Amino acid sequence: MAKATQNHEVALAWKNCRKSYPLSYLAERPGAGLTLGNEGKELIGANKFTAEELDMYHGKYLTSVTTYINFAEDEEEEEITGEEVHAAVVIFEDGKLIREQEIENLSYNENTTQRLSQPVLIDSSKELIVGIRIHDYDAEQMPLTYELSKACVPGKSDLFSEDNGATWQTVWDFYAGDPYTAACCWDITANITDRPDDATGQDQTGIIGYNVFRDGLQLNGACIPEEGTRYLDKQPLPKATYHVIAYYADGKESEPSEAVVVELADGISAPAFDSSLLHWDGTSVSLREKGTLTVLSADGRVVARSAAGRLPLAGLPAGIYIVSAECGHQNYSMKIAVRR
C-alpha cells in the first residue's frame, strides 16, 4: 500500500505475518525492554494516533490488538497459573471509550493477540487511543512492557492513565526525560485489516525484518522490524516502482512483494544529481564524496558494497547493473554495463 503525502513524500505500508498492517511506534528492532506496574492497582498503557498516523488506514478496520504482558514467576512455582494478571484492550475515539474487551487466554512473556468482537472502522479525522488496561494483579508484578527506543514520541507512544482514561500522563514526564527509562514505546500494536472479518494470522518466529526497494534499489538501512511495516520515502522520484522483501534468521528471504507503482503530481522533480560524484571507468566505480556504494543486479539483488570510495567490479559477469550511492541523507543511482 502506498500513498503520496501533502509534503510530496511517499508513505508505504505492508502487511506482516499476522496478515495485517501493524500500527504502533515500534520502529526499531527490539532492544532494552522495561516494565511498568501500579502496585496491583488499575493502570492503562496506551498509544495515541492522530491523522498523521491514521491517514494511510482511513476506511480500514482495527480488528485485533497484540501486546506483551510481563510476569515475574515465583521461583517456588513450577508453572505460571495464568491467574495472577488480568488485562483488557481499551480503545478511545476522540477521548471517548468505545471498546473494552478482556483478553482471553492471556499468555505471559510472549506476544498475545486479542481479536475484537466489534472491529473499529478507522476514521483518520478522529484521534484514536489504543491501550491495555491491567487490573487485579499482584502488587509485586510489573505487567506492562515497553521498548526503550529513539522512536519514542512523548505524548503519543508513552501514555498511561490511572483513572481509566479520564486523564493521561506520559512515561517521558514520569521519568523526567531520563534517557535510560523515559523513551517509551509500548509493546502494544493495533492490527489493521482491509475488511472487518479478515482473519488475523499467527506470529512467526525467525523473521529478521523487511527491506524496501525503489526501482530495484534498497532504500532503508537496517531491516524494518515486524511491528513497524511502514516506510516514508522523503525523496521520491516522479514515478517509481516499490517492492518489499522479508528476511529470515536462517538466511532465507521471501519473494518480492507485489510491486506498487507511485506517480507523483506534476511539478515534482527527481532529486538533483551531480554526475561528477560517480565515475565508472569500465572496471571500477568511484564515489568522490564520503558515502556508501552499492551495486545491484538488474533484478535488484545486492552484488557488491563498499564504503571505501572505490568498488572494483572486475569479477562481475557481463550485464547491466545499478550503482547506488548514499551520501549523507542523499541517494543517487546510475546504470552501468559490464562488458567482457
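The values are calculated or read from the model by the stated rules, or taken from the named source; none is laboratory data. Values in this document were obtained by computation on a predicted structure and should not be read as measured data. FYI the Cβ positions are ideal-geometry reconstructions off the backbone, even for glycines, and counts take in every protein chain you see.
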request  = Kindly list, by first and then second residue, each pair from a residue in region 87-105 that is in the same structural domain as Leu62 (by TED's automatic domain parsing) to a residue that is of a type in the set (Lys, Arg) and not in a strand (DSSP E or B), limited to pairs with Cβ atoms under 7 Å and residues at least 6 apart or on different chains.
outcome  = Glu93/Lys126; Asp94/Lys126
message = Only one of Thr112, Thr145 is within 19 Å of the chain's Cα centre (by Cα), over 16 Å from Ile91 (Cα atoms) and modelled with pLDDT of 95 or more. Can you tell me which?
response = Thr145
key: Selection status of Thr200, outside the structural domain of Lys41 (by TED's automatic domain parsing) and β-branched (Val, Ile, Thr)   = yes
ask   = Only one of these conditions is not met by Cys152: (1) among the hydrophobic types (A, V, I, L, M, F, W, C); (2) under 18 Å from the mean Cα position of the chain (by Cα); (3) over 20 Å from Leu26 (Cα atoms). Which number is it?
value = (3)
request  = Sort out which residues of region 113-140 are surrounded by 20 or more Cβ atoms within 10 Å (Cβ to Cβ), within 28 Å of Ala72 (Cβ to Cβ) and of a type outside the set (Ser, Thr, Tyr), and write them in order of number.
outcome  = Gln114, Ile129, Val130, Gly131, Ile132, Arg133, Ile134
inquiry  = Looking at Gly228, Gly221, can you tell me which residue is outside the structural domain of Glu52 (by TED's automatic domain parsing), within 18 Å of the chain's Cα centre (by Cα) and farther than 21 Å from Ala304 by Cα?
reply    = Gly228
ask   = Out of curiosity, is Glu255 at pLDDT 85 or above, more than 23 Å from Gly291 (Cβ to Cβ), outside the structural domain of Arg301 (by TED's automatic domain parsing) and not in a strand (DSSP E or B)?
value = yes
ask   = In region 280-302, how many are loosely packed, with under 14 Cβ neighbours inside 10 Å and in a strand (DSSP E or B)?
value = 1
key: Complete set of residues in region 215-232 that are closer than 17 Å to Ile322 by Cβ, part of a loop (DSSP other than H, G, I, E, B) and either touching a helix residue (DSSP H, G or I) at 6+ places or on another chain (Cβ under 7 Å) or among the polar types (S, T, N, Q) (or both)   = Asn220
